[in-house]
Amino acid sequence: MIKHSFLLFVLLLAACSAPRFVADTEKVPFRELLDSIISDQNKLHSLTGKARISVESEDFNGNFFAGVCYRKHDSLRITVKGPFVLQAGSLFIGKSRFVFLNRFSNQFMSGEVNDFSDRFFLQFPLKLSELIDIFTATVRFGDMKIEAYRIVDDQFYIKATDMATTYDIRIDPKSGRVSEIVYRQGDTETLRCNYSEFQRQGDIYFPRKIKVVRPVEKQGVAIYYVETQINQPLDPEVFNIEIPDGVEQLNLQAGAAN
């Protein structure tokens, strides 16, 4: 009985450590690979986590701790803490509206997501429209034309084009998830996203480390999840941002949102 239990443990351990895909383009068609990534991303229904965030730009460099709550197709809340674990600000993004509370300036603002999709908040060089995908490690492929598909450095490599954009995509065979995607307009690299330190929770591989770089603007954000809980029930109250008395409401049309 003990021998059988040990054998079962070994088999389970081997199953967990075995790569999801064999790094062989003959055995794994690129469409199967991309469909698998999309399927995995769609399995993420909720996320709660604590993260360390580093921001680098020509205007600002800093480190934060943040709490992250996400509910699929609906809500993202990021609560950032600054020095001495003081709450610096909270940002909520819903289906159509957002709320941003800046505790340092004692101001808040809200509006339609579509109207301010290109705005930056919380000193992050990330647009409002990008935040959900970045914090949930979601990569959107669109209608791409595949120009190259091969193995590079033991990873799947795909080069694709979509209108004026060229994509260089690397996929980790062990997790079956994107490890890097580079966006180019002509010869100019506009955005680079890296995902690493994948951990398995249930049937989902999720990266602990996410790094986003905009080379032209010399901006970068690194997100390191210290802990995460995947697809656990969420109390809707966690997405509420309570606006304290005396906080000034800003008109976004009149000034910057950072």
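The numbers here are math on the coordinates, done by the rules we state, and not lab data. These figures come from a predicted structure and were not determined experimentally. Ideal geometry is used to build each Cβ from the backbone, glycine not excepted, and the neighbour counts take in all protein chains shown.
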(request) Determine whether region 164-185 contains at least one residue that is of a type in the set (S, T, Y) and closer than 23 Å to H45 by Cα. (result) yes
(request) Could you check, for region 145-159, whether at least one of its residues is within 28 Å of K72 (Cβ to Cβ) and of a type in the set (D, E, K, R)? (result) no
(request) List every residue pair whose Cβ atoms lie under 6 Å apart, where the two residues are 6 or more positions apart in sequence or sit on different chains, the first residue falls within region 232-248 and is touching a residue at least 24 places away in the same chain (Cβ under 8 Å), and the second residue, located anywhere, is of a type in the set (S, T, N, Q) and outside any helix (DSSP H, G or I). (result) L234/S46; F239/S75; I241/S90; V247/N106; E248/Q107
(message) Of the conditions (1) farther than 29 Å from K27 by Cα; (2) assigned to a loop (DSSP other than H, G, I, E, B), D143 satisfies every one except a single condition; which number is it?
(response) (1)
(request) Pick out the one residue from D133, D168 that is under 26 Å from V80 (Cβ atoms) and not in a loop (DSSP other than H, G, I, E, B). (result) D133
(request) Please enumerate the residues belonging to region 212-221 that are buried (at least 18 other Cβ atoms within 10 Å of the Cβ) and farther than 12 Å from E58 by Cβ. (result) V212, V213, V221
(message) Restricting to region 35-66, count the residues that are out of contact with any Gly (no Cβ under 9 Å at 6 or more places or on another chain), touching a residue at least 60 places away in the same chain (Cβ under 8 Å) and closer than 15 Å to A137 by Cα.
(response) 6
(message) Can you tell me which of (1) out of contact with any Cys (no Cβ under 9 Å at 6 or more places or on another chain); (2) under 25 Å from K209 (Cβ atoms); (3) buried (at least 18 other Cβ atoms within 10 Å of the Cβ) is the one I78 doesn't meet?
(response) (1)
(request) For residues that are within 15 Å of R214 (Cα to Cα) and touching a residue at least 60 places away in the same chain (Cβ under 8 Å), scanning just region 108-129, find the one that is surrounded by the most Cβ atoms within 10 Å (Cβ to Cβ). (result) F124
(message) Which count do you get for residues in region 96-135 that are under 14 Å from V221 (Cβ atoms) and hydroxyl-bearing (S, T, Y)?
(response) 0
(request) Name the single residue, out of those in region 137-170 being over 21 Å from the mean Cα position of the chain (by Cα) and touching a residue at least 60 places away in the same chain (Cβ under 8 Å), that is surrounded by the most Cβ atoms within 10 Å (Cβ to Cβ). (result) Y149
(request) Kindly check whether there is at least one residue in region 185-194 that is without any contact (Cβ under 8 Å) to a residue 12 or more places away in the chain and under 26 Å from Y157 (Cα atoms). (result) yes
